[in-house]
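All remarks here apply to the structure that follows.
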2 protein chains.
Amino acid sequence: MQTIRKVVVIGAGNVATQLSFALEYAGLQIIQVYSRTSSSAEKLGNDLYTDFTTDIKKINSSADLYILALSDDANRQFANDLSLGDKLVVHTSGSLELEDLKGCSSNYGVFYPLQTFSKTRKIEFKDIPVCIEANSPDNLKALYELASKVSNNVREVTSDQRHQIHLAAVFACNFPNYMFTIAQKVMQPSGIDFEILKPLIRETAEKIQKVSPLEAQTGPARRKDTAIMERHIHLLNKFPEYKHLYQLISEEIGNQYE
Amino acid sequence: MQTIRKVVVIGAGNVATQLSFALEYAGLQIIQVYSRTSSSAEKLGNDLYTDFTTDIKKINSSADLYILALSDDANRQFANDLSLGDKLVVHTSGSLELEDLKGCSSNYGVFYPLQTFSKTRKIEFKDIPVCIEANSPDNLKALYELASKVSNNVREVTSDQRHQIHLAAVFACNFPNYMFTIAQKVMQPSGIDFEILKPLIRETAEKIQKVSPLEAQTGPARRKDTAIMERHIHLLNKFPEYKHLYQLISEEIGNQYE
């Protein structure tokens, strides 16, 4: 098994940015950044004091690992266009197949950090679960060693498990965030700033760290307080697009505590 | 205006418990706790080293403030049964009317802490927004003074604003928590523990402290990645009750970024 030291990062979006910094911090060397968008390539390359390119033909061939951190479609396309011989290549996606990489190398795997990333917001990578998969025990070992340098929470998973985790992550992150968007909108007529909800949002997530979501549930739907729910539905007359959602979720919560 | 020093707390649930401790800590004196359930009355009374009762007729008449922290229905009932003359009385509800208290006293108001409470989980009350209302400027002033002792975030609101905030809180807290329940359930077939999602849940809430939910949104629905969404819907065959919700929310998220 080869220890990974030099890395080429394909992509300059949220995941690529945060992962690059975490790898650098862990002592790895990002020898090149690729992005289709030259300003993005330049920005991340400069931030990392490293080489960058927008030309797939100029991708540095001397790295130990190539990380595809583009969108799923772009990753798939890139894996088709790229030929890396026996160089280890991984993607960072929750949903792309492991086998989607077999066209570009004989050694491949998955390095899926389970987190919601933004370019600007620095996060503590050590706490992020990293799910790994590979096409051989040796590659898995190399990825395990690498992942352990940036995270205290490395898991070997199967593709099926990864897909299931990704689906759960949509419910754990993307959908709650959309609920926050609705909360902000329905507050608007009151003239009160969204700010007032932030401690509540924080505590909702903190509570879950200690208590199961089934126990943590509060609110009129759990208490089957129909008077309050009717008033809320009335208030949602101004927001017909959220009325159905309010009713549907309230009903499902109610059913859960029959 | 009279400064509030002695308090009777009606209720021994999550809100009553957390609020009692915050008031005690702020130097107020809880002179009595009432609960219909004798074990709850005794528990909270003992924890506060104070008197407790389960008999509405034995409620101490020498307090400066009576806090109704029961369920909405029980609060309403209690306000009818209780006669406090001109003693200041408040409820802690996001949805009950201010006027629901006028039967039990000539001085009344609302003291609504915007948070999700559990009995056991201690929380930092200082950060919790407290929304206050009262039936007179003097009572409002007394409540403002009191609220400022336990929170750095006191707001005078109207009843309409409070109802709107309460509706928003359902979307900001109760519904996201339900999404966590679904996340836990859809993970089960994978054999992987819910634990793995906790850093993601925490970061989803932390992100919102700095970034608007509209910007913070990530995931396949925002990217309109139909291939992933179709796979997720396929995975949800095992959970038909969540399939419709997945489709509905994904569609609404997609529409938002047209």
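Any idea what the relative contact order of the range B:6-157 is, in percent, if you count C-alpha pairs under 8 Å spaced at least 6 apart? Don't skip to the end; give the middle numbers.
Numbers: 312 pairs, mean separation 29.8, N = 152.
Relative CO of the range B:6-157 lands at 20 percent.
Taking every residue in A:189-196, how many Cβ atoms of other protein chains lie within 10 Å of its Cβ, on average? Spell out each step's value before the answer.
Details: counts 3, 10, 5, 9, 0, 5, 3, 11.
Averaged over the peptide's residues, the number is 6.
Decide, for the range A:6-157, between rounded, prolate and oblate: order the square roots of the alpha carbon gyration tensor eigenvalues as a ≥ b ≥ c, take rounded if a/c falls under 1.5, and otherwise choose prolate if a/b is larger than b/c, else oblate.
Details: a/c = 1.44, a/b = 1.04, b/c = 1.38.
In terms of gyration-tensor shape, rounded.
Just order B:228-241, B:135-148, A:84-97 by mean Cβ neighbour count inside 10 Å, highest at the front, would you?
Working: B:228-241: 15.9, B:135-148: 17.9, A:84-97: 21.0.
Per-residue Cβ counts within 10 Å, averaged per peptide and sorted highest first, yield A:84-97, B:135-148, B:228-241.
For peptide A:155-166, how many partner chain Cβ atoms fall within 10 Å of a residue's Cβ, on average? Working shown, then result.
On the way: counts 2, 0, 4, 2, 0, 4, 6, 2, 6, 10, 8, 6.
If you average over the peptide's residues, the count of other-chain Cβ atoms is 4.
Estimate the FRET efficiency between B:ASP127 and A:ARG36 by the formula 1/(1 + (r/R0)^6), using the beta-carbon distance for r and 41 Å for R0, to the nearest 0.05.
Here the calculated transfer efficiency is 0.40.
Hey, if you drop one equal point scatterer on each alpha-carbon of the protein assembly as shown and run the Debye formula without solvent, what base-10 log of I(q)/I(0) do you get at q = 0.08, 0.09, 0.11, 0.12 Å⁻¹?
Evaluating at q = 0.08, 0.09, 0.11, 0.12 Å⁻¹ gives log10 I(q)/I(0) of -0.58, -0.70, -0.92, -1.03.
With each pseudo-label sitting 7 Å past Cα toward Cβ, what's the B:HIS244-B:ASN60 distance in nm, one decimal?
5.2
Count charges around A:GLU241 for me, please; just the other residues with Cβ under 11 Å from its Cβ, Lys/Arg as +1, Asp/Glu as -1. Before the final figure, lay out the partial values.
On the way: positive: A:LYS185, A:LYS238, A:LYS243; negative: B:GLU251, B:GLU252.
Every neighbour counted, the sum reads +1.
Straight distance only, please: which lysines reach the Cα of A:LYS238 with their own Cα at less than 22 Å, same-chain residues fewer than 8 apart left out?
Leaving aside lysines fewer than 8 places away in the same chain, those within reach of A:LYS238 are A:LYS185.
Rg and Dmax of the range A:38-92, Cα atoms, in Å?
Calculated on Cα positions, Rg and Dmax stand at 11.6, 31 Å.
Can you give the net charge of the other residues whose Cβ lies under 14 Å from the Cβ of B:ASP193, counting K and R as +1 and D and E as -1? Numbers along the way, then the final one.
Values: positive: A:ARG155, B:LYS185, B:LYS198; negative: B:GLU195.
Taking every Cβ under 14 Å from that of B:ASP193, the sum is +2.
For chain B, what is the mean residue ellipticity at 222 nm derived from helices alone (per DSSP H run of n ≥ 4: -39500 (n - 2.57); sum divided by total residues; nearest 500 deg cm²/dmol)? Kindly include the intermediate steps, with their values, before the conclusion.
Numbers: 11 runs with 115 residues, N = 258.
That comes out to -13500 deg cm²/dmol.
For B:SER71, what charge total do you get from the other residues with a beta carbon under 10 Å from its beta carbon, if Lys and Arg give +1 and Asp and Glu give -1? Working shown, then result.
Numbers: positive: A:ARG223, B:ARG76; negative: A:ASP225, B:ASP72, B:ASP73.
Surrounding charge for B:SER71 is -1.
If you average the sequence gap of Cα pairs under 8 Å that are 6 or more apart and divide by the length of chain B, what percent do you get for the contact order? Let's see the in-between values first.
Details: 372 pairs, mean separation 33.4, N = 258.
Relative contact order of chain B: 13 percent.
What is the extension gain from A:TYR49 to A:ASN152, computed as 0.36 nm multiplied by their sequence separation minus the C-alpha to C-alpha distance, in nm to one decimal? Numbers along the way, then the final one.
Working: separation 103, 0.36 × 103 = 37.08 nm, distance 2.66 nm.
The span from A:TYR49 to A:ASN152 would gain 34.4 nm if fully extended.
For the range A:206-258 and the range B:69-144, write down the distance between their C-alpha centroids in whole Å.
If you average the Cα positions of each part, the centres end up 22 Å apart.
Take the residue pairs A:LYS6/A:LYS58; A:LYS207/B:LYS224; B:LYS6/B:LYS149 and return only those whose Cα atoms are more than 22 Å apart.
As for pairs spanning more than 22 Å Cα to Cα, those are A:LYS207/B:LYS224.
Shielding of B:92-101 by partners, i.e. mean partner chain Cβ atoms within 10 Å per residue?
Per residue, the number of nearby Cβ atoms from other chains is 1 on average.
Averaging over every viewing direction, what projected area does the convex hull of the Cα atoms of the range B:163-256 cover, in nm²? Intermediate values should be presented prior to the final figure.
On the way: hull surface 27.3 nm².
Its Cα hull, projected and averaged over all orientations, spans 6.8 nm².
Evaluate the distance, in nm, between pseudo-label points positioned 7 Å from the Cα of B:GLU97 and of A:ASP160 along their respective Cα→Cβ axes.
Label-label distance for B:GLU97 and A:ASP160, simple model: 5.8 nm.
Only bridges with both residues in the protein assembly as shown count here: give the DSSP antiparallel percent, nearest 5.
Values: 10 of 56 bridges.
The antiparallel fraction comes to roughly 20 percent.
Can you check what the Kirkwood hydrodynamic radius comes to for the range B:60-99, Cα pairs only, in Å to one decimal? The partial results should precede the final answer.
Details: mean 1/r = 0.0942 Å⁻¹.
After inverting the pairwise mean of 1/r, the radius is 10.6 Å.
What spacing in nm lies between the two simple spin-label points modelled at A:GLN2 and B:ALA227, each 7 Å away from Cα in the Cβ direction?
2.8
Laboratory data are not the source of any read-out in this text; all were calculated from the coordinates shown. Predicted, not measured: the structure shown is a model, and the values here were computed from it. All Cβ positions, glycine included, derive from the backbone under ideal geometry; neighbour counts span all protein chains shown.
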